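The values are calculated or read from the model by the stated rules, or taken from the named source; none is laboratory data. Quick caveat: nothing in here was measured; it's all calculated off a predicted structure. Quick reminder, even Gly has a Cβ in these numbers, built from the backbone with ideal geometry, and neighbours come from all protein chains shown.
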């Protein structure tokens with residue numbers, strides 16, 4: 001593929017409001033362009049932006065440019081308002097769903113050792129991070145929760161296998177595992193720290209915070225819930 005077509009792809013990615021898939025990018029051209037050619041160009045563009053403040057990443061719904069984590073402290077100065085925070089309960093619940101999915105609300109409560117309020121689940125669903133993908137064949141047929149492609153996009157991940165691995169666990173007694181996720185997507189900065197497992201339970205031992213700054217109306221974001 002010549003430099004002109006590469007420039008077209010790069011421009012489209014820089015101007016796009018949403019991630020673009022390889023299929024989306026092929027629609028930029030009248031002539032037939034193979035997916036192999038598109039992927040090769042994407043890898044070239046990735047390499048060319050390695051030393052810049054932006055990077056091209058492959059996520060669940062396609063490809064996009066985003067600011068690097070090292071740029072966070074500078075970009076934050078453009079939005080000095082203190083962003084809303086999700087509560088520890090919300091982040092613990094999200095972490096459990098991410099690593100144990102599909103999981104019922106009752107199973108989440110068993111793991112956390114406390115009841116999960118409807119408001120917690122609503123915040124995660126409203127954010128587009130979790131959804132009900134089916135029902136467990138047991139009494140009451142409770143809903144089975146799993147994470148969404150939006151969740152992967154916001155963590156800049158292409159699939160669930162890209163999540164940090166917990167320690168291997170024995171069937172009878174699970175060893176201690178730890179996962180740390182640091183990510184920066186658009187104007188959002190989020191951190192999930194230390195998920196610890198011991199036997200059949202998970203205890204979140206470090207403060208888990210999430211800071212979201214968006215251009216949309218702040219009322220669109222759920223505030224802190226205790």
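For the range 92-127, a residue qualifies if it is closer than 25 Å to residue 165 by Cβ and outside any helix (DSSP H, G or I), and the qualifying residues are 101, 102, 103, 104, 113.
Hey, does the range 79-91 have a residue that's touching a helix residue (DSSP H, G or I) at 6+ places or on another chain (Cβ under 6 Å) and either closer than 18 Å to residue 148 by Cα or assigned to a loop (DSSP other than H, G, I, E, B) (or both)?
Step one: of the range 79-91, the residues touching a helix residue (DSSP H, G or I) at 6+ places or on another chain (Cβ under 6 Å) are 89-90.
If we keep only those that are either closer than 18 Å to residue 148 by Cα or assigned to a loop (DSSP other than H, G, I, E, B) (or both) too, we end up with 90.
Yes, that holds for at least one residue.
Residues checked against (1) closer than 20 Å to residue 155 by Cα; (2) in the same structural domain as residue 108 (by TED's automatic domain parsing); (3) loosely packed, with under 15 Cβ neighbours inside 10 Å:
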| residue | (1), (2), (3) |
| --- | --- |
| 12 | no, no, no |
| 15 | no, no, yes |
| 18 | yes, no, yes |
| 33 | no, no, no |
| 53 | yes, no, yes |
| 78 | no, no, yes |
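Of the residues making up the range 65-74, those that are crowded, with 16+ Cβ neighbours inside 10 Å and modelled with pLDDT under 95 are 66, 67. Here residue 73 fulfils each of the conditions (1) touching a strand residue (DSSP E or B) at 6+ places or on another chain (Cβ under 9 Å); (2) not assigned by TED's automatic domain parsing to the domain that holds residue 159 apart from (1). On the given criteria, is residue 164 out of contact with any helix residue (DSSP H, G or I) (no Cβ under 9 Å at 6 or more places or on another chain), outside the structural domain of residue 12 (by TED's automatic domain parsing), under 30 Å from residue 40 (Cβ atoms) and outside any helix (DSSP H, G or I)? Taking the combined requirement at face value, the residue satisfies it.
For every residue, the table says whether it meets (1) touching a residue at least 60 places away in the same chain (Cβ under 8 Å); (2) touching a helix residue (DSSP H, G or I) at 6+ places or on another chain (Cβ under 9 Å).
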{"site": "7", "(1), (2)": "no, no"}
{"site": "20", "(1), (2)": "no, yes"}
{"site": "53", "(1), (2)": "no, yes"}
{"site": "67", "(1), (2)": "yes, yes"}
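Look through 100, 127 and report the one residue that is surrounded by fewer than 18 Cβ atoms within 10 Å (Cβ to Cβ) and either under 12 Å from the mean Cα position of the chain (by Cα) or not assigned by TED's automatic domain parsing to the domain that holds residue 17 (or both).
Details: 127 fails: surrounded by fewer than 18 Cβ atoms within 10 Å (Cβ to Cβ).
None of the other options fit; the residue is 100.
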